[in-house]
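Student: Below you'll find the structure I mean.
The values are calculated or read from the model by the stated rules, or taken from the named source; none is laboratory data. Just so it is clear, the model here is predicted, and its values are computed rather than measured. Note that each Cβ is placed from the backbone with ideal geometry, even for glycine, and that neighbours are counted across all protein chains shown. Remember, those area values only see protein heavy atoms, side chains included, never the ligands or the DNA or RNA. Shrake-Rupley method; radii C 1.70, N 1.55, O 1.52, S 1.80 Å.
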Amino acid sequence: MSAGENDFILFFLHPHFNIRSGGILSIYFLLEQTKSMFPTKNVYPVTIAKLPSYTKADWFPNDYNILNLYLIKNKISKNSKVIVHVPECYFEFFCQEIINSNLFDFASQVTLNILNQNQSLMPVEATVIKYKYLFNRITMTLCFEANTNISYSYLAYPPFFISSWFYNYPIDKLSFDTKEDICIISPDPNPLKGKVVELLEKKLDIKCVEIRNMAFHDFQNIQRRAKWSISFGEGFDNYFAGAFMKSGIGFSVYDPLFFPREFNSNELPQTVFTSYQELLNNIESRIKGLDCKDAYENYANNIQQLILCHNSPEKVVKNLEGFYNMVING
């Protein structure tokens with residue numbers, strides 16, 4: 001991979017939404033690793049706005065100030081190679097801001113990489129094609145391997161799977177004996193959530209903690225303490241997979257858009273279900289069967305290893321290097 005002091009690799013963030021989300025944490029992990037790979041390039045989080053609402057993500061510790069393209073565009077020469085990573089949900093907003101800010105010269109030398117972190121949030125093909133003329137080329141990286149078979153006519157290369165990992169998120173080896181009768185509940189809406197929580201609290205005497213507006217280090221501390229965790233969202237997310245990274249056990253519902261191929265829908269692990277009704281019907285017996293040291297630790301370790309085959313910091317770094325090799329040297 002070539003280096004250049006005049007080259008830029010930028011990560012676009014919305015100027016007015018200082019959102020607490022796993023997507024932001026995964027972007028910051030990519031930012032951190034990119035900066036490590038290219039110490040002589042200009043690697044920054046950026047936004048576009050005359051007056052951004054914030055200039056730093058303040059809900060988790062980090063050393064990155066978010067720069068404004070209004071202020072740094074003059075530092076980008078005509079000979080600069082520029083890659084801008086844009087989350088799929090902000091693609092159209094980013095394009096509109098390019099037009100509104102008259103940044104056509106800047107955009108014309110940009111390789112715009114769509115960060116496809118959630119296929120269900122991807123803009124439709126007609127929307128991307130509408131704005132394709134603005135950029136030198138468009139590429140795409142994928143968080144979820146299940147989406148690698150989807151074709152996109154507007155891409156310069158096929159979508160590149162890099163997986164995902166969270167910024168400042170260690171894998172913690174913890175004993176069953178240190179765990180408490182706590183179940184983490186994801187904040188996603190679900191019509192059966194109340195019944196699941198009621199069952200856990202009243203029948204199993206498990207304290208349920210729904211995560212809302214929590215600092216990331218506090219969330220990790222709860223993950224380290226909690227025996228259980230339930231995803232009411234994507235399924236293969238930090239409320240499920242992340243529980244195992246903290247030596248806990250996660251419950252979820254299988255979704256082929258997000259789960260890796262290592263999870264077979266015909267033979268799912270015992271804490272992954274085909275519907276939330278099935279989860280509600282079976283979670284009591286599954287918890288009782290796993291709530292002893294040997295069963296708990298064996299299951300938690302086995303699923304952790306299965307997850308790490310798909311998601312690990314080392315895998316993300318290796319795949320990200322492959323993506324940059326393709327885009328920069330291809």
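Student: Looking at (1) polar (S, T, N, Q); (2) touching a strand residue (DSSP E or B) at 6+ places or on another chain (Cβ under 8 Å); (3) at pLDDT 95 or above, which one does Asn147 not meet, given that it meets all the others?
Tutor: It fails just one condition, (3).
Student: Can you say whether Arg225 is closer than 24 Å to Ser120 by Cβ and out of contact with any Gly (no Cβ under 8 Å at 6 or more places or on another chain), as far as the supplied structure shows?
Tutor: Taking the combined requirement at face value, the residue does not satisfy it.
Student: Which of the residues spanning the range 38-59 are farther than 15 Å from Ile27 by Cβ and under 19 Å from the mean Cα position of the chain (by Cα)?
Tutor: Hit for the range 38-59 is Asp58, nothing else.
Table: residues versus (1) surrounded by 13 or more Cβ atoms within 10 Å (Cβ to Cβ); (2) at pLDDT 95 or above; (3) touching a Pro at 6+ places or on another chain (Cβ under 8 Å); (4) over 23 Å from Tyr169 (Cα atoms).
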residue: Tyr239; (1), (2), (3), (4): yes, yes, no, no
residue: Pro260; (1), (2), (3), (4): yes, no, no, no
residue: Asn281; (1), (2), (3), (4): no, yes, no, yes
residue: Glu314; (1), (2), (3), (4): no, yes, no, no
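Student: If the requirement is being touching a Pro at 6+ places or on another chain (Cβ under 9 Å), open to solvent by less than 40 Å² (accessible area, probe 1.4 Å) and farther than 30 Å from Ala243 by Cα, which of these qualifies: Phe135, Phe91?
Tutor: Phe91
Student: Could you say which residue among Phe216, Phe160 is out of contact with any Cys (no Cβ under 8 Å at 6 or more places or on another chain), within 20 Å of Asn62 (Cα to Cα) and crowded, with 16+ Cβ neighbours inside 10 Å?
Tutor: Phe216
Student: Ok, one more. Regarding the range 172-187, can at least one residue be identified that is surrounded by 19 or more Cβ atoms within 10 Å (Cβ to Cβ), within 15 Å of Ile83 (Cα to Cα) and touching a helix residue (DSSP H, G or I) at 6+ places or on another chain (Cβ under 7 Å)?
Tutor: No, the range 172-187 has no match at all.
A quick yes/no check of all residues on (1) hydroxyl-bearing (Ser, Thr, Tyr); (2) surrounded by fewer than 21 Cβ atoms within 10 Å (Cβ to Cβ); (3) touching a residue at least 60 places away in the same chain (Cβ under 8 Å):
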{"residue": "Phe251", "(1), (2), (3)": "no, no, no"}
{"residue": "Pro269", "(1), (2), (3)": "no, yes, no"}
{"residue": "Ser285", "(1), (2), (3)": "yes, yes, no"}
{"residue": "Lys293", "(1), (2), (3)": "no, yes, yes"}
{"residue": "Val317", "(1), (2), (3)": "no, yes, yes"}
{"residue": "Asn325", "(1), (2), (3)": "no, yes, yes"}
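Student: Does any residue of the range 198-206 turn out to be touching a residue at least 24 places away in the same chain (Cβ under 8 Å), surrounded by fewer than 15 Cβ atoms within 10 Å (Cβ to Cβ) and assigned to a helix (DSSP H, G or I)?
Tutor: yes
Student: Name the residue, out of Phe258, Phe236, Phe263, Phe219, that is of a type outside the set (D, E, K, R), within 23 Å of Leu204 (Cβ to Cβ) and either without any contact (Cβ under 8 Å) to a residue 12 or more places away in the chain or outside any helix (DSSP H, G or I) (or both). Outline the logic, then answer.
Tutor: On the way: Phe258 fails: within 23 Å of Leu204 (Cβ to Cβ); Phe236 fails: within 23 Å of Leu204 (Cβ to Cβ); Phe263 fails: within 23 Å of Leu204 (Cβ to Cβ).
Of the residues listed, the single one that is of a type outside the set (D, E, K, R), within 23 Å of Leu204 (Cβ to Cβ) and either without any contact (Cβ under 8 Å) to a residue 12 or more places away in the chain or outside any helix (DSSP H, G or I) (or both) is Phe219.
Student: Note down all Cβ pairs under 7 Å where the first residue falls in the range 301-312 and is on the phi < 0 side of the Ramachandran plot, the second is assigned to a helix (DSSP H, G or I) and open to solvent by less than 20 Å² (accessible area, probe 1.4 Å), and they're at least six residues apart or on different chains.
Tutor: Matching pairs, first to second residue: Ile303/Phe244; Gln304/Phe244; Gln304/Met245; Ile307/Ala241; Ile307/Phe244; Asn311/Ala241.
Student: Do we have Asn6 as closer than 23 Å to Arg137 by Cβ, out of contact with any helix residue (DSSP H, G or I) (no Cβ under 8 Å at 6 or more places or on another chain) and exposed (fewer than 14 other Cβ atoms within 10 Å of the Cβ) here?
Tutor: Considered against the rule, which asks whether it is closer than 23 Å to Arg137 by Cβ, out of contact with any helix residue (DSSP H, G or I) (no Cβ under 8 Å at 6 or more places or on another chain) and exposed (fewer than 14 other Cβ atoms within 10 Å of the Cβ), Asn6 comes out as no.
Student: Let me ask something additional. Can you tell me which residues in the range 182-197 are closer than 15 Å to Phe251 by Cβ and touching a residue at least 24 places away in the same chain (Cβ under 8 Å)?
Tutor: Of everything in the range 182-197, those that are closer than 15 Å to Phe251 by Cβ and touching a residue at least 24 places away in the same chain (Cβ under 8 Å) turn out to be Ile182, Cys183, Ile184, Ile185, Ser186, Asp188, Asn190, Leu192, Lys193, Lys195, Val196.
Student: State yes or no: is Asn221 open to solvent by 20 Å² or more (accessible area, probe 1.4 Å) and under 20 Å from the mean Cα position of the chain (by Cα)?
Tutor: For Asn221, the condition - open to solvent by 20 Å² or more (accessible area, probe 1.4 Å) and under 20 Å from the mean Cα position of the chain (by Cα) - is met.
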